[in-house]
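The values are calculated or read from the model by the stated rules, or taken from the named source; none is laboratory data. These numbers were taken from a predicted model, which means no experiment stands behind them. Cβ placement follows ideal geometry from the backbone for every residue including glycine, while neighbour counts extend to all protein chains displayed. The area values use the complete protein model at the heavy-atom level, side chains included, leaving out ligands, DNA and RNA. Shrake-Rupley method; radii C 1.70, N 1.55, O 1.52, S 1.80 Å.
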Amino acid sequence: MATDKNTVRRLLDEAGRTYASEAGIRLTNSPSPLYRLLVLSVLLSTRIRADIAVAAARELAKAGCTTARRTLGTTWQQRVDALGRAHYVRYDESTATALGEGARLLLDEYRGDLRRLREEADGKASGIRKLLQKTPRLGPVGADIFCREAQLVWPELRPYLDRRTLKGARSLGLPGTPERLAGLVDEGDLARLSAALVRVTLDDAIAERVKAGRDA
């Protein structure tokens, strides 16, 4: 257990930044940051580098896409241009369309407030994940991304350590169940831990640095 906790400390030091924080989102349980997290999750769910998706989320926010209503106040071309500035170019046109459709859906079904989706799910993580997947271009991958990050402010999601994060844990020799992994950190660090474990699956060098620091 002591070795596992040491590994997790090293991992959080090395890669424990949430994707939301990288995108400039100060996540709270309020409509705008939750919507921006949804947009980020859509961007991250495509086959594109995470740093490009994060940059695209920042550019979209600068263009005014900080709430569903404000997104609908932008033009399709403005969204395309924002994605292009971040070099999110392979999916720029289709994503610009999907973001407009998603904003309309969110307004029609939840008056632009994802907390209403949370209420409809009746406090169940599985319900939240299912309802999120109505969002165009999100899908299961994007729903997992949203839930991993949103567990910071929606306690019913904790611990949200899915197959992707468990894969990262195994590569570091950490426990292979969500419950045992969650026991290694404070609840407030679960989102950081999940993001760090995802990064391990994307970059072998992170795992090597964590192991080297742990064993030093």
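Which ones in the range 1-43 are of a type in the set (Val, Ile, Thr), open to solvent by less than 40 Å² (accessible area, probe 1.4 Å) and in contact (Cβ under 8 Å) with a residue 40 or more places away in the chain? Working first, answer last.
We begin by selecting, within the range 1-43, every residue of a type in the set (Val, Ile, Thr); these are 3, 7-8, 18, 25, 28, 39, 42.
Pick out the ones that are also open to solvent by less than 40 Å² (accessible area, probe 1.4 Å) and you get 7-8, 18, 25, 39, 42.
Within the range 1-43, Thr7, Val8, Thr18, Val39, Val42 qualify.
Please specify each residue of the range 101-124 satisfying the condition of being open to solvent by less than 30 Å² (accessible area, probe 1.4 Å) and either in contact (Cβ under 8 Å) with a residue 12 or more places away in the chain or within 18 Å of the chain's Cα centre (by Cα) (or both).
Gly102, Ala103, Leu106, Leu107, Gly112, Asp113, Leu114, Leu117, listed by residue number.
Kindly indicate the residue of the range 44-53 that is assigned to a helix (DSSP H, G or I) and surrounded by 15 or more Cβ atoms within 10 Å (Cβ to Cβ) and also farthest from the chain's Cα centre (by Cα) among those meeting that condition.
So, considering only residues that are assigned to a helix (DSSP H, G or I) and surrounded by 15 or more Cβ atoms within 10 Å (Cβ to Cβ), the one farthest from the chain's Cα centre (by Cα) is Ile52.
Please tell me if Ser194 is of a type in the set (S, T, N, Q), under 19 Å from the mean Cα position of the chain (by Cα) and crowded, with 20+ Cβ neighbours inside 10 Å.
The answer is yes for Ser194.
Scan the range 146-184 for residues that are over 23 Å from Val210 (Cα atoms) and among the β-branched types (Val, Ile, Thr) and jot them down.
Val153
Could you pull out the residue among Thr165, Thr75, Thr71, Thr95 that is open to solvent by 30 Å² or more (accessible area, probe 1.4 Å) and either β-branched (Val, Ile, Thr) or modelled with pLDDT under 95 (or both)?
That would be Thr75, the only listed residue that is open to solvent by 30 Å² or more (accessible area, probe 1.4 Å) and either β-branched (Val, Ile, Thr) or modelled with pLDDT under 95 (or both).
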